[in-house]
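Okay, so here's the structure we're looking at.
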Amino acid sequence: MRRLLVLLSLAALPAFAQEPPACVAGREGQTACLAGKLCECRFEHGGQLTGRGDRFVWDCGALRPLCPPDPTIAPQPGWAPPQGIWVAPGARPRH
């Protein structure tokens, strides 16, 4: 039963995935948030070593920054650890 649920959830993933916008000459220099990275559309020279021709690609490399947080989403309040030891009112702490 568990395997069936896993297979069904994996099959549904492509339905939720969105195609990134096309990186074309008109978008050169623009950025887009893809998979949590702020990717930039840029021109890449091809060559015989790579076997690829000249093309426009999304640069989402390791040196690219993360996407900025969405301002419409409020951060969830976090759990704060206790700030000290509570002493009942009127009680004297022991030394």
Whole-Hz Karplus couplings 3J(HN,Hα) for segment 23-33, θ = phi - 60° and coefficients 6.51, -1.76, 1.60, Gly and Pro as x, run 8, 10, 4, x, 9, 4, x, 7, 10, 8, 8
Both in Å, the radius of gyration and Dmax of the C-alpha trace of segment 23-64 are 11.1, 32
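Quick note: the coordinates plus some simple rules give every number you see, no bench work behind them. Quick caveat, the model's predicted, so the values are computed rather than measured.
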